[in-house]
Structure formats: structure tokens, C-alpha cells
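> What follows is a structure written as C-alpha cells; I'll ask about it next.
The values are calculated or read from the model by the stated rules, or taken from the named source; none is laboratory data. None of these values were measured; they are calculated from a predicted model. Ideal geometry is used to build each Cβ from the backbone, glycine not excepted, and the neighbour counts take in all protein chains shown.
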């Protein structure tokens, strides 16, 4: 017996109109049909090649337990390895003891605790901005900013085509509010200028870009973005989710990396990577952050970040500032693997961050490569269509400051073995 209600889409009715003609009612269409037609995931599972939604049974940073096996984690965003740092965990435990497991309300009403304000002040100071606002997830940060600031018919959001999905969805929300959305080719400054030239000079504009792009690990050409923003009357927002704790002075991100802190108007990011927690933030001018606080549905109508999450991020930020060796080891580890894979002949995305993406170029071969790595005790991320363009199917690896040399060497040796076996190198 079916456990769900079904819609009969096989027949259509006819009826007589008053003038005697026969009219046919259109065949019914079921909104859920696309769901019933979606079989590719089950087909890949049947082949034993499904790389997604695999639950971790234990997480010790570079080593995790999956299906009862100890596996080297080479796909996490835990860049500084602080999610398992005893000091971070203890801070979260103390926050639960003091504030409970939930703040049980919106930041706007009853959901703000002193830890929220303390973290906002620390982040504003860290990025050299006047103010900062935190939200419950990094994904929400883009939705808190873009549709709140870019609303009117004469206002424009200009977005890199490879921006993270949180910006893409925020752009759609802004478009729904009658704003104009324009996109330019990935990190292509000539195309960005072409787009800007089409827009009236006097029109309010926001250029939104990832600082470090999440799939490739590439860094935005921020000096050119700044030059064009000045030339064409645009504000700049940088999503530094994958940049904080990785690049810039003391891990301050993309603007710091280029010495352009004063030129970037808004910095958004997440706690779920280098800051070892869950949540998001937006830092900028006090007047702008104040406006967003009082107008953003993403903040006003969402429960606030838990005290445990905020306390963990606070402690991780403190450790990152006091112990720069974590960032140094992270970059050393990623560079070690990147150089080794490049010397073996693998095709890599151009980057110098914690992300090392290996282009395989074929969907099935990418999934087979992933499975062989998994069987060898290494977990990486498989990126296939429609997440990437045809011919750009890849294995995205990412590294932590806490990876040990033997773990990195095993990753490289297994990539070499499997790459030769599958004819990738």
C-alpha cells in the first residue's frame, strides 16, 4: 500500500459548454513528479559510489570514524583543527551551563545574550570595522545583507558567477524585491567592467564576491574589484568564509591579504570553518550594520545562535590571534600536498589556500576515484554535475593545521596509485 497521496495524471475530463461545443480539461500535472523522476542518487548508491551524507561516528579532526573505520579526513573545513581543541570544547560546555542549550528567541527580542555582544565587538575589532552583527548560520549572512540593502528598482547587485550559493539565493531574494541582479564571469575583471558600464553611473550598486572561492580555493582579484568599484560608484561586500583563519595578517582574510581593509565596505563570513563553531557574521560601518539589524528578516525572524556556538567561536578567535602557528602549519600542509600532486601531473585548480581541488574531468571516473580513496582510508569531497560544469568534475581536498606528515604522505601516495590505475596521470 502506498504511504502517500497520489494524483491521477493519466486522464483528462471533457464537458459540454453552453454553446454545445465539447471542451477538454487539461491533463493534471503533479508538482511532485520531478521527485519521483529523480533516480540518479539511488542508481549511484546501487553502484557503491555514493559519496554524500555519510555520518561520522567520531571526529578527532584529521582522523574520523565512518562505518567503524578510522579514516583520514581530507575534506573538512576545520582549517585550524580547533573543533576538537579542549579549550574550545570547554568554553562551549561552560556556556551551556550558564545559558542553557538554546537562547529560545530572536536576537531582536529575547534571544540576545552577553556572549553575542562580546563576539560582535571582538570581530569588529579584529576586522578593523566599526560594528559587526552575528546570525545563526553563515548561509544566513548573505540573506541578511543583500536583500536588505539592495531593494529598489534602481539598485543593483553585481555578483561573480562562482559565488557561494548563499549569495546566489540572496540575489534571487533581492530580485524578488524588484532590485536588479547582474553577474560577471568568474574573477574576470574585464567582464566585471563590461557589466558595470551598462549600469547608470549614479545608480546605487553592490559588488558581491567570495574572497576565497569555495570549490577552487582561488582568491578574488580584489585590487581590481576595488579599482572598478571606485570608478563606477559601487560598494563592495566580500564573503570571507574560506579566507578567515587562512589568509591575511593573522587570518584576517582577503582585504587584509591585499592591504585593502578600508576599501572593502562589508565583510561577511562564517564560524563553521576556522572558528570551529556554527554561525555567521557581517562587519562594516556602524550605520550600515545598525540598519541591517533593524530591517533584516534573516535576523529578526530567526532564533539566535546558541550560547555554546558563540562561546566556541569566541575561544577559537582568541586562540587564532594568540597562536599564529596554527595558520602557518595549515598553509604549510596544503602547500606540501599541492606541490606533490602537481609534480605527479595532476590537473589542479589554481590556488594557494587550504583548498586543493583535483580536476578529474569525468563524472563516473570522479566517483570511482572517490570510492577507491575511501576504501584506502581517505575521505575527500566529490564535486560532479550539476555542481560543476561538464569536464570540471573534481575531487576537492582541504587541509588542517593538525594534519600530520604521515597523513599527508598517505594522501599523496594514494592519489598517485589510483591516478595511475584510472589513467588520470
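> Check the stretch 170-178 and report whether any residue there is closer than 20 Å to residue 271 by Cβ and either without any contact (Cβ under 8 Å) to a residue 24 or more places away in the chain or touching a helix residue (DSSP H, G or I) at 6+ places or on another chain (Cβ under 9 Å) (or both).
Among the residues of the stretch 170-178, at least one is closer than 20 Å to residue 271 by Cβ and either without any contact (Cβ under 8 Å) to a residue 24 or more places away in the chain or touching a helix residue (DSSP H, G or I) at 6+ places or on another chain (Cβ under 9 Å) (or both), which makes the answer yes.
> Being in contact with a strand residue (DSSP E or B) (Cβ under 8 Å, 6 or more places away or on another chain) and over 28 Å from residue 357 (Cα atoms), is that true of even one residue in the stretch 212-222?
No, because not a single residue in the stretch 212-222 is in contact with a strand residue (DSSP E or B) (Cβ under 8 Å, 6 or more places away or on another chain) and over 28 Å from residue 357 (Cα atoms).
> Answer yes or no: is there a residue in the stretch 24-37 that is in contact with a strand residue (DSSP E or B) (Cβ under 9 Å, 6 or more places away or on another chain) and either modelled with pLDDT under 90 or not in a loop (DSSP other than H, G, I, E, B) (or both).
Within the stretch 24-37, one or more residues are in contact with a strand residue (DSSP E or B) (Cβ under 9 Å, 6 or more places away or on another chain) and either modelled with pLDDT under 90 or not in a loop (DSSP other than H, G, I, E, B) (or both).
> Right, here's the next one. Inspect the stretch 239-248 for any residue being part of a helix (DSSP H, G or I), under 21 Å from the mean Cα position of the chain (by Cα), touching a residue at least 24 places away in the same chain (Cβ under 8 Å) and buried (at least 24 other Cβ atoms within 10 Å of the Cβ) and give the result as yes or no. If you could, list the steps in order and put the result at the bottom.
Filtering the stretch 239-248 down to residues part of a helix (DSSP H, G or I) leaves none.
Scanning the stretch 239-248 turns up no residue that is part of a helix (DSSP H, G or I), under 21 Å from the mean Cα position of the chain (by Cα), touching a residue at least 24 places away in the same chain (Cβ under 8 Å) and buried (at least 24 other Cβ atoms within 10 Å of the Cβ).
> Among the numbered criteria (1) in contact (Cβ under 8 Å) with a residue 40 or more places away in the chain; (2) part of a helix (DSSP H, G or I); (3) surrounded by 19 or more Cβ atoms within 10 Å (Cβ to Cβ), which one does residue 382 miss?
Result: residue 382 passes all but (2).
> Given the criteria crowded, with 17+ Cβ neighbours inside 10 Å, at pLDDT 95 or above and more than 26 Å from residue 246 (Cβ to Cβ), does residue 376 qualify?
Details: crowded, with 17+ Cβ neighbours inside 10 Å: no; at pLDDT 95 or above: yes; more than 26 Å from residue 246 (Cβ to Cβ): yes.
So residue 376 fails the test.
> Hey, another quick one. Tally up the residues in the stretch 345-361 that are more than 20 Å from the chain's Cα centre (by Cα) and either surrounded by fewer than 16 Cβ atoms within 10 Å (Cβ to Cβ) or in the same structural domain as residue 248 (by TED's automatic domain parsing) (or both), please.
3
> Considering (1) in the same structural domain as residue 214 (by TED's automatic domain parsing); (2) crowded, with 18+ Cβ neighbours inside 10 Å; (3) in a loop (DSSP other than H, G, I, E, B); (4) at negative phi, say which one residue 262 fails and leave the rest.
(2)
> I need the full set of residues from the stretch 95-138 which are without any contact (Cβ under 8 Å) to a residue 60 or more places away in the chain and within 18 Å of residue 315 (Cα to Cα), in order please.
Step one: filter the stretch 95-138 for residues without any contact (Cβ under 8 Å) to a residue 60 or more places away in the chain, giving 97, 109-110, 114, 117, 121, 125.
Passing the criteria: 97, 114, 117, 121, 125.
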